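Peer 1: Take a look at this one; I'll ask things after.
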Amino acid sequence: MKKTWWKEAVIYQIYPRSFMDSNGDGIGDLKGITSRLDYLKFLGVDVLWLSPIYKSPNDDNGYDISDYQAIMDEFGTMEDFDEMLAEAHKRGLRIVMDLVVNHTSDEHRWFMESRKSTDNEYRDYYIWREGKDSQTPPNNWGSCFGGPAWQYDEETAMYYLHLFSKKQPDLNWDNPKVRQEVFDMMTWWCDKGIDGFRMDVISMISKTKEMPDGEINGFYGDYGPYCVHGPNIHKYLQEMNEKVLSRYDIMTVGETPGVTTELAKQYAGEDTHELNMVFQFEHVDNHGKYGKWDDQKWQLTKLKKILNHWQMDLYDKAWNSLFWDNHDQPRAVSRFGDDRPQYRVTSAKMLATCLHMMQGSPYIFQGEELGMTNYPFQSPDDFRDIESINAYKEWCASGKVSHEEFWPCITFRSRDNARTPVQWDDTEQAGFTTGTPWIPVNPNYKEINAKSETADPDSVFHYYKKLIALRKENPIMVYGKYEPLMEDSEELFVYTRTLDDKKLLVVCSFTDQDTVFTIPEEFVGSSCMIANMENDYSKSDITIRPYEAFVLTK
């Protein structure tokens, strides 16, 4: 297996709006990030992935870009970016940018030109279609954020495609001019000195020419078969690699909804000349009776089956990316662990152990290293996320389901859970801002914050710090082969890693009950690499307590 710096890196995702506010306007910014670089260096991470910081009207919190080569007003200036990049590099920290090129904002210059007339030179930069009639869109597709995926535009009496918000028109990647514009922009950022790209919904950039009605799924037709992993996706990514990516020593990760292990080997195979790795979402797509809106925790055997499959099927063929949560997912400890006060710290450490000991590059979402939890929403007015707001309207305002029935589901899964401000200390607004934050701070900030955790050697923070340090010292954590054990257990997640003559046993309890466990004979009496509580590993039969985790090494 080829060794590279990005395989050995630990990546920390920053959602700038909620990370740190430097000027008291209630919105995180670039100077705020710069002010916390020493904290990130102390934690030990290698790469900082920034959610979009480009100029944007913020219909979807920066994922609707109006200028790819300018900074969002609330976040600061290009000079602030240059300072942050330089200060990060001084500390040995790399910066990865979010690349959002499936769509732009409808306020981007290209789209404003495109909608002017059917013969405008930018018309073909986007996907325009005639309606079935004057009142009916070209097909029945629904958008990811609710409502139809087509918006009628009176200027030319045609519809444009938007798989997300109506203010996020999809680019037409079949137009070579669009591809060149994107490649030129990427080159501009690489020449600035950035260290890579996380590519937003990159598996959706190629669409079929035919756009028939999709199978009804909820309220609208499913666009998936026609817009995800489309006919030219690999051709376009190979072109991107040839013209941009291969010319720089950078890291690339593609957000690829709907990806399988077979497709992942095409996107991120060792020799396919596309991307370094992809994000898969099987382990977080636990859909229930209201689609993604569900309040049920994963059945452990199902979760293990998915993660085990990705670990084993990609080994030596493509690289895994490892994550429990991000800006689009609820907080890991609330979803996969147990955020009750007596279990929060232990289960947060257990989840960290389970993930960081797997094969692949671990991603930490801001605040995860503190064991931050979901937000206690009281009413729909608490939401800031367009997806949550639209979903509540679509399901509840329509009368399709009652508020009482839907509320536990939307509060459990809302993206806003991840977007509450980082809890820096126990002062007002958790030290995030001196003003009024754009989204409320979680009221548990007095108990959960970076100041107290960095001072406490037994905290979630220091456990993450130790895991990251161990990864740098032990190549087996990066390159070792993965083998699952006890696949039928609903309580324990157990696996081994093997590299040359070294072997690790990883044991993680996902239950609030005691569990009896028999240590495999070869590991009895082995030394413990890391554990979230003490136990006696010199005997074969031990009792594992709620959310206990340990790693034995021989």
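The values are calculated or read from the model by the stated rules, or taken from the named source; none is laboratory data. Being a predicted model, the structure only gives us computed values, none of them experimental. In this analysis, Cβ positions are derived from the backbone assuming ideal geometry, glycine residues included, and neighbour counts consider all displayed protein chains.
Peer 1: Restricting the search to segment 337-351, which residues are among the hydrophobic types (A, V, I, L, M, F, W, C), farther than 21 Å from GLU483 by Cβ and surrounded by 24 or more Cβ atoms within 10 Å (Cβ to Cβ)?
Peer 2: Within segment 337-351, ALA348 is the sole residue that qualifies.
Peer 1: Could you tell me whether any residue of segment 50-58 is of a type in the set (Ser, Thr, Tyr), in contact with a Pro (Cβ under 7 Å, 6 or more places away or on another chain) and within 24 Å of ALA352 (Cα to Cα)?
Peer 2: Looking through segment 50-58, at least one residue is of a type in the set (Ser, Thr, Tyr), in contact with a Pro (Cβ under 7 Å, 6 or more places away or on another chain) and within 24 Å of ALA352 (Cα to Cα).
Peer 1: Just to be sure, is ALA88 touching a strand residue (DSSP E or B) at 6+ places or on another chain (Cβ under 7 Å), small (Gly, Ala, Ser) and part of a helix (DSSP H, G or I)?
Peer 2: yes
Peer 1: Name every residue in segment 294-338 that is farther than 21 Å from PHE406 by Cβ and of a type in the set (Asp, Glu), in order of residue number.
Peer 2: ASP313, ASP316, ASP325, ASP338
Peer 1: Scan segment 403-416 and give yes if some residue there is touching a His at 6+ places or on another chain (Cβ under 8 Å) and either within 26 Å of ARG344 (Cβ to Cβ) or of a type in the set (A, V, I, L, M) (or both), otherwise no.
Peer 2: Looking through segment 403-416, at least one residue is touching a His at 6+ places or on another chain (Cβ under 8 Å) and either within 26 Å of ARG344 (Cβ to Cβ) or of a type in the set (A, V, I, L, M) (or both).
Peer 1: Still on this structure: Looking at ASP46, ASP60, which one is of a type in the set (D, E, K, R), within 18 Å of ALA9 (Cβ to Cβ) and within 21 Å of the chain's Cα centre (by Cα)?
Peer 2: Going through ASP46, ASP60 in turn, just one is of a type in the set (D, E, K, R), within 18 Å of ALA9 (Cβ to Cβ) and within 21 Å of the chain's Cα centre (by Cα): ASP46.
Peer 1: So which residues in segment 308-332 are of a type in the set (A, V, I, L, M, F, W, C) and surrounded by fewer than 16 Cβ atoms within 10 Å (Cβ to Cβ)?
Peer 2: The one that is of a type in the set (A, V, I, L, M, F, W, C) and surrounded by fewer than 16 Cβ atoms within 10 Å (Cβ to Cβ): MET312.
Peer 1: What tally of residues in segment 128-154 results from selecting those that are surrounded by fewer than 19 Cβ atoms within 10 Å (Cβ to Cβ) and either hydroxyl-bearing (Ser, Thr, Tyr) or under 16 Å from THR208 (Cβ atoms) (or both)?
Peer 2: Residues flagged as surrounded by fewer than 19 Cβ atoms within 10 Å (Cβ to Cβ) and either hydroxyl-bearing (Ser, Thr, Tyr) or under 16 Å from THR208 (Cβ atoms) (or both) within segment 128-154 amount to 4.
Peer 1: Counting only residues that are assigned to a helix (DSSP H, G or I), of a type outside the set (Lys, Arg) and surrounded by fewer than 18 Cβ atoms within 10 Å (Cβ to Cβ), how many does segment 1-48 have?
Peer 2: Residues in segment 1-48 being assigned to a helix (DSSP H, G or I), of a type outside the set (Lys, Arg) and surrounded by fewer than 18 Cβ atoms within 10 Å (Cβ to Cβ): 7 in total.
Peer 1: Quick check on segment 49-100: of everything there that is more than 18 Å from ARG198 (Cα to Cα) and at pLDDT below 95, which residue is surrounded by the fewest Cβ atoms within 10 Å (Cβ to Cβ)?
Peer 2: If we take residues in segment 49-100 being more than 18 Å from ARG198 (Cα to Cα) and at pLDDT below 95, then ASP59 is surrounded by the fewest Cβ atoms within 10 Å (Cβ to Cβ).
Peer 1: Also, quick follow-up: Of all residues in segment 460-496, count the ones that are free of Cβ contacts under 8 Å to residues at least 24 places away in the same chain and either over 18 Å from CYS508 (Cα atoms) or outside any strand (DSSP E or B) (or both).
Peer 2: Going through segment 460-496 one residue at a time, the tally reaches 3.
Peer 1: Here is a check on your reading of the model: is THR353 of a type in the set (Ser, Thr, Tyr), under 21 Å from ASN474 (Cβ atoms) and not assigned by TED's automatic domain parsing to the domain that holds MET529?
Peer 2: yes
Yes or no, residue by residue, for (1) surrounded by 15 or more Cβ atoms within 10 Å (Cβ to Cβ); (2) touching a helix residue (DSSP H, G or I) at 6+ places or on another chain (Cβ under 6 Å):
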residue	(1), (2)
ARG497	yes, yes
VAL506	yes, no
PHE510	yes, yes
GLN513	no, no
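Peer 1: Test TRP188 against the criterion of being farther than 15 Å from SER105 by Cβ and part of a helix (DSSP H, G or I), and give yes or no.
Peer 2: Yes: the conditions hold for TRP188.
Peer 1: Could I ask something else about it? Determine the pairs where a residue that is outside the structural domain of ILE27 (by TED's automatic domain parsing) and buried (at least 17 other Cβ atoms within 10 Å of the Cβ), located within segment 425-442, has a partner that is modelled with pLDDT of 95 or more and hydrophobic (A, V, I, L, M, F, W, C) with Cβ atoms under 9 Å apart, the partner being 6 or more residues away or on another chain.
Peer 2: none
Peer 1: Would you point out the residue of segment 287-307, among those that are part of a helix (DSSP H, G or I) and among the hydrophobic types (A, V, I, L, M, F, W, C), that is surrounded by the most Cβ atoms within 10 Å (Cβ to Cβ)?
Peer 2: The residue in question is LEU307.
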